[in-house]
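Below is one structure, written out as structure tokens; comments come after it.
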Amino acid sequence: MAISHTILEGDIIYLRYIKLSDVNDNYLSWLNDEEVMTGIVTSGYNLQNLKSYVRNKIILKHTHFFAIVLKSNNLHIGNIKLDFHDSKANLSEMGVLIGDKDYWGKGIAREACNLILNYGFKKLNLRKIFLAVFENNIPAIKLYYSLGFKMEGKLIKHVAVKGILYDKYLMGIFRKEFMKK
């Protein structure tokens, strides 16, 4: 189970384990915003099932689900997590969401990703971190490449967004590659 007071600190943001009290109308508004959800399949949340989702993630031993919080004003603007841990292969999946669009394009996703990659490789001693991203999410793809992720596979016309089918890219980074940076 996650420890609620763990904080990973960057220049602009800090990451702390998410709490049920973070599940509010603001968080829910991110998930109901078409632009925010363009690269994410999950939808149809209300406060009740969102709380249930977060509660279930909080209790999982190998899920590390963080709120992305601005240092300047303690505003919760998104989430990042390491999830779906495979203990035999020693890897986890990374997922990131900057829900507050006022903070897009400001380097926050990069800082959050660097913090969680450091955490995953140095503290959790993971061998590999992987992710999935849709081909229509160009800014995210550019970010992941710049962080050192490599394309590992592609699921052709795998997801539908507003009736359009997009490829789903599978990307990964190994500890030894990340540590070289």
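The values are calculated or read from the model by the stated rules, or taken from the named source; none is laboratory data. None of these values were measured; they are calculated from a predicted model. FYI the Cβ positions are ideal-geometry reconstructions off the backbone, even for glycines, and counts take in every protein chain you see. Side chains included, ligands, DNA and RNA excluded: accessible areas come from the protein's heavy atoms. Shrake-Rupley method; radii C 1.70, N 1.55, O 1.52, S 1.80 Å.
Working note: 222 nm ellipticity from helices only, DSSP H runs with n ≥ 4, each -39,500 (n - 2.57), summed and divided by the residues of the chain, gives -7500 deg cm²/dmol to the nearest 500. Ligands, DNA and RNA left out, the accessible area of the chain computed with a 1.4 Å probe is 53% carbon and sulfur. Summing charges over all other residues whose Cβ lies under 11 Å from the Cβ of Leu20, with Lys and Arg as +1 and Asp and Glu as -1, gives +3. Dividing the mean sequence gap of close Cα pairs (under 8 Å, 6+ apart) by how many residues segment 89-169 holds gives a relative contact order of 28 percent.
Strictly over 30 Å apart at the Cα level, which of Lys19/Lys154; Lys128/Lys162; Lys61/Lys157; Lys101/Lys157 would you flag in this model? Over 30 Å Cα-Cα: Lys19/Lys154; Lys128/Lys162; Lys61/Lys157.
For the chain, the solvent-accessible area of protein heavy atoms averages 54 Å² per residue (probe radius 1.4 Å; ligands and nucleic acids excluded). What is the Cα centroid distance between segment 106-181 and segment 8-37, reported in whole angstrom? So the separation of the two Cα centres works out to 19 Å.
Hydrophobic long helices, here whole DSSP H runs in the chain with Kyte-Doolittle means of at least 0.5 and Cα atoms spread over 20 Å or more along the helix axis, are not found. Answer with a single label: of (i) 17.2, 60; (ii) 15.7, 43; (iii) 19.3, 61, which was calculated as Rg and Dmax of the Cα atoms in Å from the structure in view? Here Rg and Dmax of the Cα atoms in Å agrees with entry (ii).
Taking 16 Å as the cut-off, the amide N atoms of segment 57-89 that come nearer than this to a point 7 Å along the Cα-to-beta-carbon line of Asn26 belong to 67-80.
Taking 18 Å as the straight-line reach from the Cα of Lys180, the aspartates and glutamates in range (excluding those fewer than 8 positions away in the same chain) are Glu111. Under 1.5 on a/c is rounded, so check that first for segment 76-181, then, if it is not, pick prolate when a/b is larger than b/c and oblate when it is not; a ≥ b ≥ c are the square roots of the alpha carbon gyration tensor eigenvalues. It is oblate, given that a/c is not under 1.5 and a/b is not larger than b/c. Taking the DSSP beta bridges with both ends in segment 24-151, the antiparallel portion is around 80 percent.
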